[in-house]
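K.L.:
Quick one: the structure is below, and I'll ask about it shortly.
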Amino acid sequence: MFLFSRYLLFTSNYVVVDVLYPNESKEEYMKYRNVFPAFSPLKSSLFLLVLILTFPLGAQDNMVSNGSFEKHNNRDCLIMPWDATSFSLMMPGWNDVGSNPGLCDCNCTGEKREKRDKRRCPENIKPKSGCSMMQLEYSGGCMDALHKTQGCSDYLGAMLSKPMQLGTVYEVSFWIYIKGDATHPEYTKQLGMNLFPRKIAKPFGGLVSGTDFTLDEVRYDEWYQVNWQLKPLCDLKYLVIGVFRGKDGPPIYQLTKDEGDFNEFFIDDVEVRKVSEDKVANAQEVVKYCKYDPSEDEGTLEVIEDVNCYFATGESVLTLEEKNKLDTFAKEMKARPNTAFTISGHTDNVGSNHQELAAERIESVISYLETNHKIKRVRLVLMNQGADRPAADNTTDEGRRLNRRVEIKMSLATLPDVLYRNALEAVFAGDHKTVFKTMNAWMHFGSNFGKIMMLADPRFDPVKSNPRWKGLQDKVRKSYKNSYAYQLDEMWVADQKTRTLKYYIENLAAYFQGVDGGDTRWDVNFPELSEEQEKAQNEKHYNKLVALIDKYGYPKVSEVGERPAQAAFFVIQHQSDVAILEKYIPILYGKCMEGEASWNYYAMLYDRVQVMKDLPQKYGTQSKIIDKEKGLTELFPLEDESNVNVWRDEIGLDPIDLD
């Protein structure tokens, strides 16, 4: 989908410069590229010798490949792909660390510019040098995919050309432009870089931890260079740039009033270089560093390096060399039994049976891993790319060789998400046996939170008449503490079917934008209800809840679990009768005092009753939508703005920003 064509920084007239200085900065390149005309063999040799003797090599080499971002795929309008594979093809030398940075290029002009690009790449912000820069954002209003942490950042990651050496001082630097119209400028306190011994990723869309190297100075609406000097205490070799989680931030928030969520910054000219002793700014300021404590950031993963297996023209047979690669890679896979991987098949542009040949190559690799190493194929996400995503130029023999490949990459998706996806793939293919085999494996990993939603997934409708489906239902029911917990959670699913359930269910399966985008089979859709139908449904759920409360009492978290207890609140909250809502305010207050309910729900119920009575709210939990497209909201009137955060603090709620 995203075709790869490698940019060349140097024309054939200047290959001597390219050979001598593959890592020079853009300024050095611009300085020298027009100096040297095409050389005769004699003049070339003589000049090469002079240049080698007079120019200091090695010590000043930039250890970041493509630090200026000038080498990239010339894709129209440059919204970066969402999956890591596509990003690496688009931007050689860089990884997206499981996020979504944007490439801004001066060639993207006129009709090519989409609305999103105009925001991400404003015309008034030019690259520090050359034609390209990277745009990143921080959002304090988003949650990670597991709904455990709040705050998300785009990242850039680069493997250094070689590990940093013990006892050597290095300087990391880049140019940064921070937009001054940030929604919450405090995020800049956690903006900076970090270094790791291995490639890492943030698989669930949250934040990477470690604030050892943040900005000493923050300037807005101008380019300025930032730098840090450090002496490594281990083999640091992976650089990450972005906003990092620390003990004091960055800020998290809910959007209110006329806020957007735009905290944007731009990066250019990234360098990591050795520093000679006479260039050390201040020995006391050199940081001696290895890495942060990984126990503080369970969501960050060390990434297994990819493996590529290459094939002869028109063939799908593995050579001994490729089998040896797979033997080594299989050891890494076995060491991480709960890690999933993507496997993609590719061809060159010769012939016409690209999809069939790519599929045969994938099958050849999987069969080898299954037969020789007992690697289960359900851990792999299959992607048949055919000739659509070349890694090199198909006009040369070497380029075509590099394109005849199968790639295996560590997936940033969880193993349960991959199992769920593979079960759906089997549904789409009509392979019912594989559906139930895969879902039984998924049941060992999935939480109750996901299991009961699986039962409501309409994408499984083709197999729900199969007798084995009842077996899955029974397993889900038995996984709950008691019958009350199961019935309440079942009610939560029913209550959210016309609200948020679609998004929860879609998140159960791994989704790869670059491959799955536009494929409606992955969408979850429930019938829309009229206002009257929704009201009748809410009443039906409430009547069922009343019957359960009469039988078991108002649910306690300690007895049924957090989400089943939450279901009772949601069903009550969705009633339009003020008298019903008022009835449960003292009941919920009592459960909160017992530690059996959330004060947040109490505050929401109290405020909702106030708003329905046209009275000011107390805790600031109720907002009205003022711009649906932008997701902008505005608080309903408050009882006392000066005390709202005092009252919130009394019941353990975070303060709200009223500015």
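K.L.:
Under 9 Å between Cβ atoms, at least 6 apart or on separate chains: pull out the pairs that start in the range 166-185 with a residue that is over 24 Å from Phe69 (Cα atoms) and end on any residue that is in a helix (DSSP H, G or I) and of a type outside the set (Ser, Thr, Tyr).
P.N.:
Short answer, once both residue conditions are applied: Val169/Glu277; Val169/Lys279; Val169/Ala283.
K.L.:
Could you look through the range 102-150, keep only residues that are assigned to a loop (DSSP other than H, G, I, E, B), modelled with pLDDT under 75 and more than 14 Å from the chain's Cα centre (by Cα), and pick out the one that is farthest from Ile176 (Cα to Cα)?
P.N.:
Looking at residues that are assigned to a loop (DSSP other than H, G, I, E, B), modelled with pLDDT under 75 and more than 14 Å from the chain's Cα centre (by Cα), I get Lys148.
K.L.:
Given the options Glu363, Glu356, Glu370, name the one that is farther than 17 Å from Phe311 by Cα and open to solvent by 30 Å² or more (accessible area, probe 1.4 Å).
P.N.:
Details: Glu363 fails: farther than 17 Å from Phe311 by Cα; Glu356 fails: farther than 17 Å from Phe311 by Cα.
On inspection, the qualifying residue turns out to be Glu370.
K.L.:
Given Val286, Val317, which one is over 30 Å from Ile626 (Cβ atoms), at pLDDT 95 or above and hydrophobic (A, V, I, L, M, F, W, C)?
P.N.:
Of Val286, Val317, the one residue that is over 30 Å from Ile626 (Cβ atoms), at pLDDT 95 or above and hydrophobic (A, V, I, L, M, F, W, C) is Val317.
K.L.:
Among what's in the range 376-390 and is within 18 Å of Tyr420 (Cα to Cα) and either assigned to a loop (DSSP other than H, G, I, E, B) or among the β-branched types (Val, Ile, Thr) (or both), pick the residue that is least open to solvent (accessible area, probe 1.4 Å).
P.N.:
Our first condition is that a residue be within 18 Å of Tyr420 (Cα to Cα); within the range 376-390, this holds for 376-383.
Within this subset, residues satisfying the condition of being either assigned to a loop (DSSP other than H, G, I, E, B) or among the β-branched types (Val, Ile, Thr) (or both) are 376, 378, 381.
Details: Lys376: 139, Val378: 43, Val381: 0 Å².
Only one residue fits best here, namely Val381.
K.L.:
Being modelled with pLDDT of 70 or more and open to solvent by 20 Å² or more (accessible area, probe 1.4 Å) is the filter here; which residues of the range 253-282 pass it?
P.N.:
Correct list: Phe262, Glu271, Arg273, Lys274, Val275, Ser276, Glu277, Asp278, Lys279, Val280, Ala281, Asn282.
K.L.:
I've got another one for you. Scan the range 335-355 and tell me whether some residue there is assigned to a helix (DSSP H, G or I) and modelled with pLDDT of 95 or more.
P.N.:
Within the range 335-355, one or more residues are assigned to a helix (DSSP H, G or I) and modelled with pLDDT of 95 or more.
K.L.:
While we're on this one: Residue check: is Gly180 small (Gly, Ala, Ser) and either within 14 Å of the chain's Cα centre (by Cα) or open to solvent by less than 10 Å² (accessible area, probe 1.4 Å) (or both)?
P.N.:
Criteria not met by Gly180.
K.L.:
For the range 392-425, give me each residue that is aliphatic (A, V, I, L, M) and buried (at least 20 other Cβ atoms within 10 Å of the Cβ). Before the answer, list the steps.
P.N.:
Restricting attention to the range 392-425, the residues satisfying the condition of being aliphatic (A, V, I, L, M) are 392, 402, 406, 408, 410, 412-413, 415, 418-419, 423-424.
Val406, Ile408, Met410, Leu412, Ala413, Leu415, Val418, Leu419, Ala423, Leu424 - these are the residues of the range 392-425 that are aliphatic (A, V, I, L, M) and buried (at least 20 other Cβ atoms within 10 Å of the Cβ).
K.L.:
So which residues in the range 467-492 are open to solvent by 10 Å² or more (accessible area, probe 1.4 Å), part of a helix (DSSP H, G or I) and closer than 23 Å to Tyr554 by Cα?
P.N.:
Passing the criteria: Arg477, Lys478, Ser483, Tyr484, Tyr486, Gln487, Glu490.
K.L.:
Sticking with this structure for a sec: Considering only the range 223-245, state which residues are in a strand (DSSP E or B), closer than 18 Å to Ser209 by Cα and open to solvent by less than 10 Å² (accessible area, probe 1.4 Å).
P.N.:
Result: Tyr238, Leu239, Val240, Ile241, Gly242, Val243, Phe244.
K.L.:
Quick one: Ser576 ticks every box in (1) outside any loop (DSSP other than H, G, I, E, B); (2) closer than 19 Å to Gln496 by Cβ; (3) of a type outside the set (Phe, Trp, Tyr) bar one, so which box is it?
P.N.:
It is condition (1) that Ser576 fails.
The values are calculated or read from the model by the stated rules, or taken from the named source; none is laboratory data. These figures come from a predicted structure and were not determined experimentally. A quick note on method: Cβ atoms are made from the backbone with ideal geometry, for glycine too, and the neighbour counts reach across all protein chains shown. Keep in mind that these areas ignore ligands, DNA and RNA; they rest on the heavy atoms of the full protein, side chains included. Shrake-Rupley method; radii C 1.70, N 1.55, O 1.52, S 1.80 Å.
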